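The structure appears right after this line, and notes come after that.
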Amino acid sequence: MDLINDYRNSELILALAKQIKAEAATLSRPINIMEICGGHTHSIMKFALGELVEGVVNFIHGPGCPVCIMPVSRIDEACELASMQGVIFCTLADMLRVPGSHTSLLKLRGLGHDIRALYTPLDALKIARQNPDKNVIFFAIGFETTTPMSAVIIQKALDEGVKNLYFHINHVTVPAPLRAIMADKNVNIDGFLGPSHVSVIVGSNAYKELALEFKRPIAISGFEPVDVMASVLNLIRQHKRASFEVFNEYKRAVSAQGNVKAKELVAKYMRPCTFEWRGLGEIDDSGLCLKDEYVSIDARRVFALQKEQATKEAKACICGQILRGVSKPPECALFAKACTPNSPVGACMVSSEGACAAYYKYQRRGA
Amino acid sequence: MEALINSVIFEAFSEVGGEILKQANDSAILNLSSPLAFSTDSFVVSPLFFAGGDIGKIAACGTINDLAMVGARAKYLSCALILEEGLLLGTLKAVLASLASECAKAGVKVVCGDTKVLPRGKCDSMFINTSGVAEVLCEGVGVQSLKDGAKLLLSGDIGRHGAVVLSAREEFEISADLKSDCKSLLGVVMALIEAGVKPLCMRDATRGGLSAVLNELSRASGLGVVVREADIAISDEVLGICEIFGFEPFELANEGTFVLAVSPDDEQKALEVLRKFNPFAAYIGELSVRRSGVILQSRYGTQRFLEPPKGELLPRIC
Ligand code: SF4
């Protein structure tokens, strides 16, 4: 089986679209499906899948982008750490471009601070080894997918006795915000596309209770168009027969239990804590932080940060509403005007997995 | 330094311009008999050697190709080297030999140059700048000639150079089949002109990939571009690497693949020539006054925009 081309097979995609439309014909209104993960938002826009199911499926974008959900306060902390003398500040992906209250990591890099966007988190360890006279701070971000990698680096650093590598942990978990969204009365969602890579780690069982408690079906879906269409079809069928199961479409990678070893490794070094989500506010046990016994490598505690920093979000930016699934990017007054990927106002336009960036990139103008 | 220049650099180019270089005058005196094309480019690539090429090959082909893209045959190149202290002599020799061999193949001479050595840490092992002058064989090739209904052809499959460099940097075990497309385009462009094709415009899809080129053509002509995804060849290896990192193959760099715009009358002839050089060459779409921007049509009939790439390519984390 060809893991890319078969899942992009146009006949299969068209057949699924036809089936979805046929199933939806008896519904009185379009079904609202939230994709939790930014990867799905991008697939849906990149393959223009919305067009295939127009009028019957309304895709709503959820909070699943690690860059977008980062509150300004944490970006300010990053900027503060990155500006310190003798520090090499490392992070991943698009984090560099997200605006904080006063500046961004990219601007600080332009001023001469040593700030690096890593290709792989393991590079943080390499950099620490190569620069024994510097303090290397790794700003760890991401959902369950990237957390085990951070745990691996912590383990390696401790085993090797690397003394100059510190961690600023900003890992978050998927089930907690999902619960918050399901419990929100203003959010009108009929079913969820469950994340693919995250679920490889957490396992499909992680969503069972949620689906039952809130009476919403969840389909764990791969990122390819055939995956997404097959999952949507399942959600419509479940919606019609009022069943609230977790359907595992991504069986080729996701098991019921998930990756137990990875979860154990994470649990060895980190514990759940409250995390302030951009757009969703503080959610108990939705984030991870280093356990107390690892205080000596915890950047937040080793380098005393100015606690009461005044943080400010750009006023007109509606990222928060978008992450809660109540608004779509074109409804923002700044979209594609004052806010573009080259000069982003909010995080949703920065991140390659953000909803605003996806709309801008693939669907900005009427075709 | 003098020894380096005399024994290593002049020696490397002895067959391709040595007689002019050795005069060691402040400037080279050249003979050209037609309108002149002139281009320059600096080359920075890490790693220096990769599957299918190296920085020397790119430095020669890059400038030869830029000149070929306006219908000109490169005759003379300059070569400026910025070397990091401690660079191995063997590495330098291998790079220069590769640069010289590409020049020999294309009948180009290296006639002037410059060498600077910087302290360790001030440059990433080596940078090369080449400038070239060329005889224009076919006038009027450029964005100014683009027009409504012009046909767009692509000379081969895309994204291989970008994918190779990326995976080399990541210490990836990649399939032996995946090689950079790095090569001189002079031969194929000459063959097009000899076959009587009148190119309206040509662009090699280097940094920013196919996506950047199509957007440049659209912007410069004020016309929309519509291309079909199914006609754009992408190897499975490139697709796989894109999936892992979350990149678009349309945004990955190429070093020997170009887009050719021709009048509808020339389409068939041009495609036949391109196919002789690369079986994956294809007609991919056209320019249209009725559309704006660059539109990619999927295999199953949906459409989306192909935006120009933004900033650095960074892998996804989700
Ligand atoms: S378009 Fe820009 S300002 Fe508006 S919500 Fe998106 S990121 Fe925020």
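In table form, for the structure just shown:
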{"read-out": "Boolean, A:Glu313 is assigned to a loop (DSSP other than H, G, I, E, B), more than 7 Å from the ligand (Cβ to nearest atom) and within 14 Å of chain B (Cβ to nearest Cβ)", "value": "no"}
{"read-out": "Subset tally (residues that are over 17 Å from B:Arg291 (Cα atoms) and open to solvent by 10 Å² or more (accessible area, probe 1.4 Å)) for the range B:203-228", "value": "6"}
{"read-out": "Looking only at the range A:337-367, and only at residues there that are assigned to a loop (DSSP other than H, G, I, E, B) and out of contact with any helix residue (DSSP H, G or I) (no Cβ under 8 Å at 6 or more places or on another chain), the one that is farthest from the ligand (Cβ to nearest atom)", "value": "A:Ala367"}
{"read-out": "Single residue of B:Thr257, B:Thr302 found to be closer than 14 Å to B:Leu210 by Cα, open to solvent by less than 10 Å² (accessible area, probe 1.4 Å) and either within 11 Å of another protein chain (Cβ to nearest Cβ) or within 23 Å of the chain's Cα centre (by Cα) (or both)", "value": "B:Thr257"}
{"read-out": "Those residues of the range B:271-286 which are surrounded by 21 or more Cβ atoms within 10 Å (Cβ to Cβ) and in contact with a helix residue (DSSP H, G or I) (Cβ under 6 Å, 6 or more places away or on another chain), in sequence order", "value": "B:Val273, B:Ala281, B:Ala282, B:Ile284"}
{"read-out": "Whichever residue in the range A:49-68 is modelled with pLDDT of 90 or more and hydrophobic (A, V, I, L, M, F, W, C) and, among such residues, is farthest from A:Ser327 (Cα to Cα)", "value": "A:Leu52"}
{"read-out": "Tabulated pairs, the range A:334-363, first more than 16 Å from A:Gly39 (Cα to Cα) and free of Cβ contacts under 8 Å to residues at least 60 places away in the same chain, second more than 8 Å from the ligand (Cβ to nearest atom) and assigned to a loop (DSSP other than H, G, I, E, B), C-beta under 6 angstrom, 6+ apart or interchain", "value": "A:Ala336/A:Arg364; A:Pro341/B:Lys310"}
{"read-out": "Residues being in contact with a Lys or Arg (Cβ under 8 Å, 6 or more places away or on another chain), small (Gly, Ala, Ser) and assigned to a helix (DSSP H, G or I) - total across the range B:1-60", "value": "1"}
{"read-out": "Enumeration of residues in the range B:213-262 that are hydroxyl-bearing (Ser, Thr, Tyr) and closer than 21 Å to A:Glu224 by Cβ", "value": "B:Ser235"}
{"read-out": "Residue identified as free of Cβ contacts under 8 Å to residues at least 12 places away in the same chain and either open to solvent by 20 Å² or more (accessible area, probe 1.4 Å) or not β-branched (Val, Ile, Thr) (or both) among A:Lys208, A:Lys251", "value": "A:Lys251"}
{"read-out": "Given (1) surrounded by fewer than 18 Cβ atoms within 10 Å (Cβ to Cβ); (2) under 15 Å from B:Ala60 (Cβ atoms); (3) of a type outside the set (Ser, Thr, Tyr), index of the condition B:Pro119 fails", "value": "(2)"}
{"read-out": "The listed residue being away from the ligand (no atom under 16 Å from the Cβ) and either open to solvent by 10 Å² or more (accessible area, probe 1.4 Å) or over 30 Å from B:Arg291 (Cβ atoms) (or both), out of A:Leu334, A:Leu280, A:Leu323, A:Leu290", "value": "A:Leu290"}
{"read-out": "Unmet criterion (only one of (1) in contact (Cβ under 8 Å) with a residue 40 or more places away in the chain; (2) at negative phi) for A:Gly142", "value": "(2)"}
{"read-out": "Elements of type strands (runs of 3 or more DSSP E) contained in the range A:18-137, each with 3 or more residues being surrounded by fewer than 20 Cβ atoms within 10 Å (Cβ to Cβ)", "value": "A:114-118"}
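The values are calculated or read from the model by the stated rules, or taken from the named source; none is laboratory data. Computed from a predicted model, the values in this text were never measured in an experiment. Heads up, the Cβs are rebuilt from the backbone with ideal geometry, glycines too, and the neighbour counts pull from every protein chain shown. Note: areas computed on protein heavy atoms with side chains; ligands, DNA, RNA excluded. Shrake-Rupley method; radii C 1.70, N 1.55, O 1.52, S 1.80 Å.
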